[in-house]
Amino acid sequence: MGPFQYVIFVVWAFSTLSLIALVLMHSGKGTGVSDMIASSLYNASAATGVMEQNLDKITIIMSVVFGVCVLLCMFFFPQGIVGI
């Protein structure tokens with residue numbers, strides 16, 4: 001396994017963890033985990049809409065990075081990772 005594959009794995013792991021955190025940070029409609037986290041980050045001020053839009057953009061960017069990493073792994077490891 002070369003250094004490019006290690007870089008792909010590190011970026012993939014980072015995007016996975018950040019994508020999970022970002023999805024949980026979105027304000028939900030219920031009283032679940034997302035509402036508990038979002039209630040501490042967002043209040044009734046006028047900046048809430050801007051923060052939500054920025055969170056949406058960052059989430060979309062991270063999901064694209066995650067998808068690209070998955071596609072790159074498909075090309076570089078067509079048989080899977082055997083015998084690491």
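The values are calculated or read from the model by the stated rules, or taken from the named source; none is laboratory data. For clarity, every value in this text was computed on a predicted model and none was experimentally measured. Positions of Cβ are backbone-derived with ideal geometry, glycine not excepted, and every protein chain shown enters the neighbour counts.
Annotations for the structure displayed:
- Here segment 10-63 is the region considered, the condition is being over 9 Å from the mean Cα position of the chain (by Cα) and at pLDDT 90 or above, and the residue that is surrounded by the most Cβ atoms within 10 Å (Cβ to Cβ) is Trp12.
- Pairs where the first residue, in segment 49-65, is under 13 Å from Met25 (Cβ atoms) and in contact (Cβ under 8 Å) with a residue 12 or more places away in the chain and the second is of a type in the set (Gly, Ala, Ser) and surrounded by 14 or more Cβ atoms within 10 Å (Cβ to Cβ), C-beta under 7 Å, 6+ apart: Glu52/Ser27; Met62/Ser15; Met62/Ser18
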